[in-house]
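The values are calculated or read from the model by the stated rules, or taken from the named source; none is laboratory data. Remember, it's a predicted structure, so these values are computed and weren't measured experimentally. No Cβ is skipped: glycine too gets one built from the backbone with ideal geometry, and neighbour counts run over all protein chains shown. Note: areas computed on protein heavy atoms with side chains; ligands, DNA, RNA excluded. Shrake-Rupley method; radii C 1.70, N 1.55, O 1.52, S 1.80 Å.
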2 protein chains.
Amino acid sequence: MNLDDAAARLEALGNPTRLRIYRILVRAGAEGLSVGRLQAKIDIAASTLSHHLKSLVVVGLVTQTRGGTTLVCHANYDIMRDLLGYMVEECCAEGSCAPIELPKVA
Amino acid sequence: MNLDDAAARLEALGNPTRLRIYRILVRAGAEGLSVGRLQAKIDIAASTLSHHLKSLVVVGLVTQTRGGTTLVCHANYDIMRDLLGYMVEECCAEGSCAPIELPKVA
DNA sequence: TTTCTATTTCTATATTTCCGGAAATACCGT
DNA sequence: ACGGTATTTCCGGAAATATAGAAATAGAAA
């Protein structure tokens, strides 16, 4: 991941509403969550939610799959892992920033 | 760290210029880098750099210490570690997002 | 105090973001 | 095709951000 992509992804997560959305999607697990259910959880206008979701989709942090009439959103773990990897490698002094008790990738 | 603080810090890093600044400061190590030397490295107007630095200082990612007439900037590893910790704990599914080969805190 | 350098604040402008109502579109069941 | 639900696009206003020149401030040194 290059610096500009990393910055774009950090910017996408750097809004409380969007960070909340992403966090909810992570907790929703592999089956994801429809836009409608998401909206019910966070109580913002549908159009606003759509805008935020688009921001997350554009940078690859969220993917959407259509299931009939509903769009299901999923957190993209690969992108998040790469983003965290970038930050650790490029923006940390040797070991000084490693999160404590970090689970290893199996 | 709560969600709003995390979002504010991600937003601060979510700008290519600021991410570059932070990256340079990390690489500068413990002795840090003066605003002047920083400016020489990235070639933007002094006032613009000052604004970006302020954004990073406000959220705690950068600290400044005065050494005579020059202000020396330091990356704050503690805040970065906490931020990465937040992301791993709150925004990752168990293990799915752990960066590969992450160094442990001694 | 005067002067020099370093950095910030002031001021201004252009651009972008955030928000949500209204309208449009997409898809499904009948 | 029609009706209903889900979601997005369009639009615009308010607020925030990015950028930088000019002026102001802080500190050191003479």
Check your understanding: Which of the residues that make up region B:1-33 are small (Gly, Ala, Ser) and at pLDDT 95 or above?
Key -> B:Ala6, B:Ala7, B:Ala8, B:Ala12, B:Gly14
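For every residue, the table says whether it meets (1) within 15 Å of A:Arg23 (Cα to Cα); (2) open to solvent by less than 50 Å² (accessible area, probe 1.4 Å).
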| residue | (1), (2) |
| --- | --- |
| A:Lys41 | yes, no |
| A:Leu53 | yes, yes |
| A:Val59 | no, yes |
| A:Cys73 | yes, yes |
**Study point:** Any hit, region A:2-13, residues being more than 8 Å from every other protein chain (Cβ to nearest Cβ) and out of contact with any helix residue (DSSP H, G or I) (no Cβ under 9 Å at 6 or more places or on another chain)
**Key:** no
Study note, to complete from the structure: Those residues of region A:64-88 that are within 16 Å of DNA strand D (Cβ to nearest atom), touching a Gly at 6+ places or on another chain (Cβ under 7 Å) and within 14 Å of another protein chain (Cβ to nearest Cβ) come to a total of 2
Point to revise | helices (runs of 4 or more DSSP H) wholly inside region A:13-62 containing at least 1 residues that are within 10 Å of DNA strand C (Cβ to nearest atom) and aromatic (Phe, Trp, Tyr) | key: none
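Out of region A:60-84, which residues are of a type in the set (A, V, I, L, M, F, W, C) and within 19 Å of A:Val35 (Cα to Cα)? I'd like the intermediate steps shown before the answer.
At the first step, the residues of region A:60-84 found to be of a type in the set (A, V, I, L, M, F, W, C) are A:61-62, A:71-73, A:75, A:79-80, A:83-84.
Within region A:60-84, A:Leu61, A:Val62, A:Leu71, A:Val72, A:Cys73, A:Ala75 meet the criteria.
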